[in-house]
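Have a look at the structure below before the remarks.
The values are calculated or read from the model by the stated rules, or taken from the named source; none is laboratory data. All values derive from a computational prediction rather than experimental measurement. Heads up, the Cβs are rebuilt from the backbone with ideal geometry, glycines too, and the neighbour counts pull from every protein chain shown. We work out accessible area using only protein heavy atoms, side chains counted, and drop any ligands, DNA or RNA first. Shrake-Rupley method; radii C 1.70, N 1.55, O 1.52, S 1.80 Å.
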Amino acid sequence: MQCPVCQYTNSRVLESRAAESGKSIRRRRECLQCQHRFTTYERIEFVPITVMKRDGKRESFDRSKLLRGMVRACEKTGLSATDLESIIDEIEAELQQRSQREIPTQEIGELVLHRLKSLSEVAYVRFASVYRQFQGIRDFAEALNHFETGNDHAQELELVAEEDSVCACENSSMDASASLCSASLLGSQH
């Protein structure tokens, strides 16, 4: 470490202690040439993560933005702010471990859904409805069915693609789907 006064490169550490809630180490040093004392901080370097949006735009990963979305989905579900913060900490740590620096929003959404699934069914469905852009009650019914059977998102995408290629259902089958969804929603509340 270079002395700020004489630029000599050798110094000795007089004292070390944790700083910033354990996120860095504060070191008190003394230059071996001029005996000037100075303080340095040692921190973990985080490489910035870029998020690729659905519309093709790119922006820096913003944990507060993710937290806002999760808070909205988890209102009145009993999940505490501490639970949500720990989920975001886990996701951010996982993203930092990857060699890939550009992450699609879909992957981040799936990471959130994976963690919410074990904590709260309601939060899972709420977050999925915004993240997967549900268009109607049929999308909710499918999400509930996949939640109960434990199918992953890849299988869900295959089903949606198959359904999109089939002609529109008759009104009677739509009414039956709505009834099934209502029953599923009522059943999940108890």
(message) Being closer than 20 Å to residue 33 by Cβ and outside any strand (DSSP E or B) is the filter here; which residues of the stretch 1-23 pass it?
(response) 1, 2, 3, 4, 5, 6, 7, 8, 9, 10
(request) Those residues that are within 18 Å of residue 96 (Cβ to Cβ) and charged (D, E, K, R), I need them from the stretch 59-71; list them, please. (result) 59, 62, 63, 65
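Residue-wise test of (1) under 30 Å from residue 125 (Cα atoms); (2) surrounded by 12 or more Cβ atoms within 10 Å (Cβ to Cβ).
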{"site": "32", "(1), (2)": "no, yes"}
{"site": "35", "(1), (2)": "no, no"}
{"site": "72", "(1), (2)": "yes, yes"}
{"site": "83", "(1), (2)": "yes, yes"}
(request) Scan the stretch 54-65 for residues that are exposed (fewer than 11 other Cβ atoms within 10 Å of the Cβ) and not polar (S, T, N, Q) and report the count. (result) 5
(request) Take residue 68 and decide whether it is touching a helix residue (DSSP H, G or I) at 6+ places or on another chain (Cβ under 8 Å), open to solvent by 70 Å² or more (accessible area, probe 1.4 Å) and not hydrophobic (A, V, I, L, M, F, W, C). (result) no
(request) Answer with yes or no whether residue 116 is open to solvent by less than 50 Å² (accessible area, probe 1.4 Å), within 20 Å of residue 46 (Cβ to Cβ) and either of a type in the set (A, V, I, L, M, F, W, C) or in a strand (DSSP E or B) (or both). (result) no
(message) Looking only at the stretch 85-105, filter to residues that are touching a residue at least 24 places away in the same chain (Cβ under 8 Å), in a helix (DSSP H, G or I) and in contact with a helix residue (DSSP H, G or I) (Cβ under 9 Å, 6 or more places away or on another chain); which one of those is most open to solvent (accessible area, probe 1.4 Å)?
(response) 90
(request) Among the residues of the stretch 70-85, write down those that are closer than 15 Å to residue 119 by Cβ and either in contact with a Cys (Cβ under 7 Å, 6 or more places away or on another chain) or not polar (S, T, N, Q) (or both). (result) 70, 71, 73, 74, 75, 76, 78, 79, 81, 83, 84, 85
